[in-house]
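The numbers here are math on the coordinates, done by the rules we state, and not lab data. In this text, all values refer to a predicted model and were calculated from it rather than measured experimentally. Here Cβ is always computed from backbone atoms with ideal geometry, including for glycine, and neighbour counts include all displayed protein chains.
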Amino acid sequence: MATLRHSGTTRSELNKKLFGYFAVGITVIGGFVVFGTALFMLLHFLVKGLPHISWEFLSQHHAIIIPRGAFFLLFMALHF
């Protein structure tokens, strides 16, 4: 293997280091993208949705209308 001038490091060792830095960089960038997306979705929900939630909405009685023959599907959806 050829060594680089003044360092004593071979090209393959340098390539491994560069690949490691590249892999870590891509992972960090991906983490920021995922975190940023989740943060954006949470803030969007809070800013757009919170004004529409009132105490009346939270405290009213919720009526569930069950179409004929759909009880089993409703039961499965609510319990599993």
* Estimated inter-spin distance, L42 and L14, nm [label 7 Å along Cα→Cβ] -> 4.4 nm
* Asked: Quick one: if you stick a label point 7 Å off each Cα along the C-beta vector at F32 and A77, how many nm between them?
  -> 4.2 nm
